[in-house]
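Dropping the structure in here first, questions after.
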Amino acid sequence: MLLRCLFASAILLCARARLWAEETPELYVKRATFAETMLATRARLREYGRETGFRPYVSGLVRKGGKPHPISVDVESAERLFLVAHHDVQRCSIPVVWGDAKLIARDGTVTRLADLEPVSTEALRRVFVRHRSSGLSIGEKQFEHGIYALAPAEIGYTLDRKYERFEAAI
């Protein structure tokens, strides 16, 4: 029997507070059970989105071994960038790739994400690699550089509003 592993990746952009004196709002809402916590936190994130215009990029499900999907995300007002990958299979190591991941500044300067030091990394079995040369692939497509992790994973970077776009293949 062929096991199909699916994963979803998301890019969460944390926008600068509207006033420098404002504190970052609490988006996590703890409840008695996991399901209640998840629903309350999602509701708070939707509310926060209505208040600020913040919208995370969510790729939806991506099949393992499929063709890469190019993404381009506006990060102009982002303080931080989080690459997040989840999967729906218990006890299954799912490799996650952000191929040719790069940040593009307002002046057109390109910074490869693999050349930046992440401020936080959480990945299954602590597997996280910044590929600075070839050897990274999605299906048949080879990439010159990118980010590799085992899902579930969350990798954070500080952007400090220096960049305009994030581009990668997932």
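The values are calculated or read from the model by the stated rules, or taken from the named source; none is laboratory data. All of these numbers come straight from a predicted model, not from anything done at the bench. Ideal geometry is used to build each Cβ from the backbone, glycine not excepted, and the neighbour counts take in all protein chains shown. For accessibility, only protein heavy atoms count, side chains too; no ligands or nucleic acids. Shrake-Rupley method; radii C 1.70, N 1.55, O 1.52, S 1.80 Å.
Counting Lys +1, Arg +1, Asp -1, Glu -1, what net charge surrounds E36 among other residues with beta carbon under 12 Å of its beta carbon? Could you put the intermediate results ahead of the total?
Values: positive: K30, R31, R42; negative: none.
Net of charged neighbours comes to +3.
To the nearest 10 Å², what's E154's accessible area with a 1.4 Å probe?
Its heavy atoms expose roughly 70 Å² to the probe.
Oh, and also: Compute the Rg to Rh ratio over the range 59-170 from the alpha carbon atoms, using the Kirkwood formula for Rh, and round to two decimal places. Could the numbers behind the result be given before it?
Values: Rg = 13.5 Å, Rh = 14.3 Å.
For the range 59-170, the value is 0.95.
Further question on the same structure: In whole Å, what are the extents of the range 25-68 along the principal axes defined by its C-alpha atoms, from largest to smallest?
Here the Cα extents, ordered largest to smallest, are 38, 28, 12 Å.
Trypsin sites (Lys or Arg not before Pro), restricted to the range 58-123: which are DSSP loop and have at most 13 other Cβ atoms within 10 Å?
R91, R106
Further question on the same structure: Can you work out the PRE-style zone for E140? Point 7 Å along Cα to Cβ, and I want the residues of the range 30-70 with backbone N under 20 Å.
It comes to 63-70, nothing else.
Among all the lysines, which ones have a C-alpha under 28 Å from K67's C-alpha, if same-chain residues fewer than 8 places away are not counted?
K102, K141
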